[in-house]
1. So what J values fall out for segment 29-37 if you push phi through Karplus, 6.51 cos²θ - 1.76 cosθ + 1.60 with θ = phi - 60°, rounded to Hz, Gly and Pro as x?
2. If you roll a 1.4 Å probe over the heavy atoms of the protein chains, what accessible area per residue do you get for segment 75-207, in Å²?
3. Which whole-Hz ³J(HN,Hα) couplings does segment 175-185 yield from phi under the Karplus relation 6.51 cos²θ - 1.76 cosθ + 1.60, θ = phi - 60°, glycine and proline marked x?
4. Of all accessible surface on the chain at a 1.4 Å probe, what whole percent is carbon and sulfur?
5. Compute all pairwise cysteine Cβ distances in the chain, then list the cysteines with no distance under 4.7 Å to another cysteine.
6. Please state the Cα pair-distance histogram of the chain with 10 angstrom bins from zero: what percent is in each bin?
7. Which of the listed residues, N155, L138, I32, is farthest toward the dipole's positive end in the chain, when Lys, Arg count +1 and Asp, Glu count -1 at the beta-carbon?
8. At a probe size of 1.4 Å, how large is the accessible area of I178, to the nearest 10 Å²?
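The values are calculated or read from the model by the stated rules, or taken from the named source; none is laboratory data. Being a predicted model, the structure only gives us computed values, none of them experimental. Cβ sites come from the backbone with ideal geometry, for glycine too, and all protein chains shown count toward neighbours. SASA here: full protein model, heavy atoms, side chains in, ligands and nucleic acids out. Shrake-Rupley method; radii C 1.70, N 1.55, O 1.52, S 1.80 Å.
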Amino acid sequence: LWSGGTSPSAVTNTFTTPGQYTLTVTDSNACISQFTVNITEDVTPPIITISNNTGVTHLNCINNQISVVANGAVNYTWDNGLPATPSQILIQAGTYTVTGIDSNGCVSTSVIIITSDFTQPTASVVNNSSGSILNCNLSQISLSANGGDTYSWNNNLGTNSNVTINSPGTYTVTVTGINGCQDSDSIIITQAPIATVSLNLPISICS
């Protein structure tokens, strides 16, 4: 006779709640013996956290991958087809859920949301002057770059959006958006040929 369980009068008994249970055994001559067992319980779910080693949750051209690590359990599984390891490298936007299983078999989850912006800027070079050919009437050409957050010109022209050109060549500006993505545009500046003058003087010989 058991003091509890699902089958109190059977040889085999099942316990589903913690507690102290006593088994009383009576033999054929009415002698009695008892045995007591303590059943404890640990159904505390693990506390799963996700550590972000990169420090940001937004993917862009500056941060094109995010390193995360799950903590708080013994075994881990991720959704989105990721391997069953605590550490992950995330390269796409989405909601990532990790499921952790503790040594007591209890389960808990944690979620991290990753966003992204890989929008490329559109670079353009605007000629503010009356032409793109340098000559005696147009010794300088003013150019303006548009479409980015920051700018970088070739030919050692610096990082201003507006530059002044006084020699022929191909001028390229690279624009960078606030998300770190880049685009470029170019303009060709030429120079008119300089006229040459020659004089054919008569030769006079004095004798």
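1. 9, 6, 7, 10, 9, 10, 9, 10, 10
2. Working: 8400 Å² over 133 residues.
In whole numbers, segment 75-207 has 63 Å² accessible per residue.
3. 9, 10, x, 5, 8, x, 7, 10, 8, 9, 8
4. Values: 6880 of 13330 Å².
Using a 1.4 Å probe with all protein chains present, the chain comes out at 52 percent carbon and sulfur.
5. Those would be C31, C106, C136, C206, since no other cysteine Cβ in the chain comes under 4.7 Å of theirs.
6. For the chain, the binned pair fractions read 7, 17, 12, 11, 12, 10, 7, 6, 5, 5, 3, 2, 1, 1, 1, 0, 0 percent.
7. Checked the options; the winner is L138.
8. 140
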